[in-house]
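Okay, so here's the structure we're looking at.
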Amino acid sequence: MAILKTDAITMKFGGLTAVNEFNLNVEQGEIVAVIGPNGAGKTTAFNMITGVYRPTEGHIYFDDKKITGLKPHTITKYGMARTFQNIRLFKELSVLENVVIANHLHLKTNLIQAILGNTYPDILDVLWMPKYKREEKKILEKSHMLLEKVGLIDLKDEKANSLPYGLQRKLEIARALATNPRLLLLDEPAAGMNPKETNDLTNFIRQIRDDFNLTILLIEHHMQVVMDISDRIYVLDYGINIAEGNPYEIQNNDRVIQAYLGVAEDA
Amino acid sequence: MKIRNTILTLVSIALLAAFIWYADSNFDSYKIRILNLCAIYTILALSMNLINGFTGLLSLGHAGFMAVGAYTTALLTMSETAKQQNFFLKPIVAPLATITLPFLPALLIGGVLSAFVAFLIGAPTLRLRGDYLAIATLGFSEIIRIVFTNTQNITNGPLGLKSIPNNTNLWWTFGLALVTLILIKSLIDSSYGKALKAIREDEVAAESMGINLFQHKLIAFIIGAFFAAIGGGLLGSLIGAINPIMFRFILTFNVLLIVVMGGMGSITGSVISAFAVTAGLEYLRVLDESINLGFVTIKGIPGLRMVVFAGLLMVVVIFFKNGLMGTKEFSWDKLINFFTSKKRFKKKEVGQ
Ligand SMILES: Nc1ncnc2c1ncn2[C@@H]1O[C@H](COP(=O)(O)OP(=O)(O)O)[C@@H](O)[C@H]1O
Ligand SMILES: [Mg+2]
């Protein structure tokens, strides 16, 4: 069963058609890449899928449920999470807080319980712990686990924007994982990573897919990463889907080669 | 550690209680009034900081929410005869004429009413971009004054309300300031508070992490309006007389100044700043009055204290761009670390 399906989604910005009738199909457990030159409409497609933009035309189905036009927070709650091309961490907050916040959507205690639970003195915790504190403790444990997984546990108290870019990307991934996604969208995860980090990225993405039972859709410019990791690849050029296939097919597709030779390669 | 911090907090609260007990019976009424004002402005600053500092909204309606609180509290606590004396132009509407409630329920009803008004303003505007809230709240706080000026049989119009029972004392103001502090702090530290900070940092990212922007902004706005009304109710009862002119925009502006000076997004900053600014403005009053130096009397220049105050504010803004505290908070651990690490540093120096 397709976990994600788009039915001819189109996004127009004034006179510009950023994405034109894009049909995307992602199966459970796959790693699928969307590639294409800069400005091809890849990020715009992500923004439509995650609810940041409402498609001008077309529909999006997540688990066969129509999610076109739903708010991003609702779609995230259904089990889709993302990272951003231009890193969008909560800059002034700590690494740990960034991950903790992404657990909020599943919080079961209400506002009053949270406020009162937090006023309950810590020293009485041994006798009885309010529901909110128990939940918060679980969230902290989970956040620590996630930071451990991405190798940021030693930096948990640092401010998010004090990390080097490569680590900020990993933090964005940890934060996205905290929302308990089934489908993870990564927008240029290798951008800003050094060669070693880029080399490790392929294994890292496979690892989290297996550990968290994910399906992954990614945008990437780094061709080696794309060819290594993807089960299937979609190629966008000027908003049009010019090719689709496995890495071998894409590498030998004439239209793709033309699209990439026609513009300066920026990977 | 936890035990130590809890004990330190409890000791501080006990010391504060001892101080209030002492001040209540030994300070002159002028000093007590200033202390009351400090505590009330603490409540006002904390409530505004929740909306503008922690959630990153721009609300300019504090004076309006305070007016709702002040009028509700006054009308619900005044005695039947006091109301008859006040409303000599046009009698007060029937149910209000006879109701007289104790102080606390009256304050709480004022808070709930204000929260409801905030809901009415927030529900349509908080779905839109940020500027709409600023415009709507600014409009609201002006409109509510005009409404209060014209509802002669409810608010006594431009004459305002006089001889409001003087329920406010140091126990009430400091007690409620402490409750506000504790509740807002535990909100801020909770998962909900972190969500509010996330919204301030990056709305798109917050929404993509599953945070319902509208719902959380509304929560912050409503809670802020509730406590603003509590502050307004206390203020009306402290001064003993209110009228629509008291709740002009300048009142919102003063609270905003306190919040900005203390640090947008710092509870500690708001508390320090509320005390420093309120007490400072009172003591600077000297500048407005004439000074007798024995051989010569210098005529006071009315308004000079505001000039000096503005100068001080500029100094703070220039040297501390993010206010006194930025987004930093006081904690026992930090305080103790500060002293112990300093000692260690000195020891090292001696060794070298
Ligand atoms: N919010 C927007 N408003 C107007 N134009 C946009 C907007 N977002 C993207 N675009 C335009 O749409 C096209 C595709 O952009 P984008 O999806 O970011 O490309 P990619 O991610 O493939 O590099 C570009 O020409 C870009 O300028
Ligand atoms: Mg892009």
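The values are calculated or read from the model by the stated rules, or taken from the named source; none is laboratory data. In this text, all values refer to a predicted model and were calculated from it rather than measured experimentally. All Cβ positions, even for glycine, are placed from backbone atoms using ideal geometry, and neighbour counts span all protein chains on display. When the accessible area is computed, the model is the full protein with side chains, heavy atoms only, and any ligands, DNA or RNA have been set aside. Shrake-Rupley method; radii C 1.70, N 1.55, O 1.52, S 1.80 Å.
Figures for the structure shown
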| read-out | value |
| --- | --- |
| About the Cα centre, charge dipole magnitude for segment A:1-118 (Lys/Arg +1, Asp/Glu -1 at Cβ), debye | 300 |
| Threshold 10 Å² - residues in segment A:31-73 whose accessible area is reduced by that much or more when the chain is no longer isolated, probe 1.4 Å | A:VAL52, A:LYS71, A:PRO72, A:HIS73 |
| Accessible area of chain A divided out per residue, in Å², using a probe of 1.4 angstrom | 45 |
| Heavy-atom accessible area, 1.4 Å probe, ligands and nucleic acids excluded: residues of segment A:112-138 down by at least 40 Å² from chain alone | A:ILE115, A:ASN118, A:THR119, A:ASP122, A:ILE123 |
| Protection-proxy order for peptides B:307-316, B:61-70, each taking the mean of Cβ atoms within 10 Å per residue, highest first | B:61-70, B:307-316 |
| Heavy-atom surface of chain B, accessible at 1.4 Å and reported per residue (Å²) | 48 |
| Estimated vicinal HN-Hα couplings, Hz - segment B:65-81 in sequence order (Karplus 6.51, -1.76, 1.60; Gly, Pro = x) | 5, 4, 4, 4, x, 5, 5, 4, 4, 4, 5, 7, 9, 5, 6, 4, 5 |
| Charged-residue dipole, Cβ positions (Lys, Arg, Asp, Glu), chain B about Cα centre, Debye nearest 20 | 880 |
| Relative contact order (%) - criterion: Cα under 8 Å, at least six apart; region: chain B | 28 |
| Inter-chain Cβ neighbour average for residues A:85-96, partner chain, 10 Å | 3 |
| For the protein assembly as shown, calculated [θ]222 nm from helices alone, where every DSSP H run of n ≥ 4 adds -39500 (n - 2.57) | -18500 deg cm²/dmol |
| For A:ILE219, residues with placed amide H under 5 Å, excluding near neighbours | A:VAL34, A:LEU186, A:ASP187, A:GLU188 |
| Charge sum, other residues only, whose C-beta stays under 13 Å from A:ARG255's C-beta, Lys/Arg counted +1 and Asp/Glu -1 | -4 |
| Chain A - percent relative contact order, Cα under 8 Å, separation 6 or more | 27 |
| Shielding by other protein chains, B:179-189, mean Cβ within 10 Å | 3 |
| Chain A: proportion of alpha-carbon pairs further apart than 28 angstrom, % | 39 |
| Positive-end extreme of charge dipole, chain A - chosen from A:GLY245, A:ALA102, A:ILE208 (charges on Cβ) | A:ALA102 |
| Peptide B:22-32 - average C-beta neighbours from other chains (10 Å radius) | 0 |
| Heavy atoms of B:ARG33 accessible to a 1.4 Å probe, total area in Å² rounded to 10 | 110 |
| Positive dipole terminus of segment B:12-351, leading residue within B:PHE330, B:ALA23, B:SER163 (C-beta point charges) | B:PHE330 |
| Beta bridge orientation in chain A: antiparallel %, DSSP, nearest 5 | 55 |
| For the pair A and B, total buried accessible area rounded to nearest 100 Å², probe 1.4 Å | 2900 |
| Overall form of segment B:1-159 per C-alpha gyration tensor (a/c, 1.5; a/b vs b/c) | oblate |
| Phi to ³J(HN,Hα) by Karplus 6.51 cos²θ - 1.76 cosθ + 1.60 over segment A:88-98, Hz, x for Gly, Pro | 10, 7, 7, 4, 7, 9, 6, 4, 5, 4, 4 |
| By average C-beta atoms within 10 angstrom, highest first, the peptides B:248-257, B:191-200, A:137-146, B:172-181 | B:191-200, B:172-181, B:248-257, A:137-146 |
| Chain A - percent of accessible surface contributed by carbon and sulfur, probe 1.4 Å | 50 |
| Compactness index (Cα Rg / 2.2 N^0.38 Å), segment B:236-333 | 1.31 |
| Gyration tensor (alpha-carbon) shape descriptor, chain B, a/c threshold 1.5 | oblate |
| Order of exposure, largest accessible area first, which applies to B:VAL93, A:VAL26 with probe 1.4 Å | B:VAL93, A:VAL26 |
| Rh (Kirkwood; distinct C-alpha pairs) - segment A:91-179, Å | 13.8 |
| Antiparallel content of DSSP bridges confined to the protein assembly as shown, in %, to 5 | 60 |
| 3J(HN,Hα) from dihedral phi, segment A:65-81, Karplus parametrisation 6.51/-1.76/1.60, rounded to Hz, x for glycine, proline | 9, 6, 10, 4, x, 6, 6, x, 5, 5, 5, 4, 5, 5, x, 10, 10 |
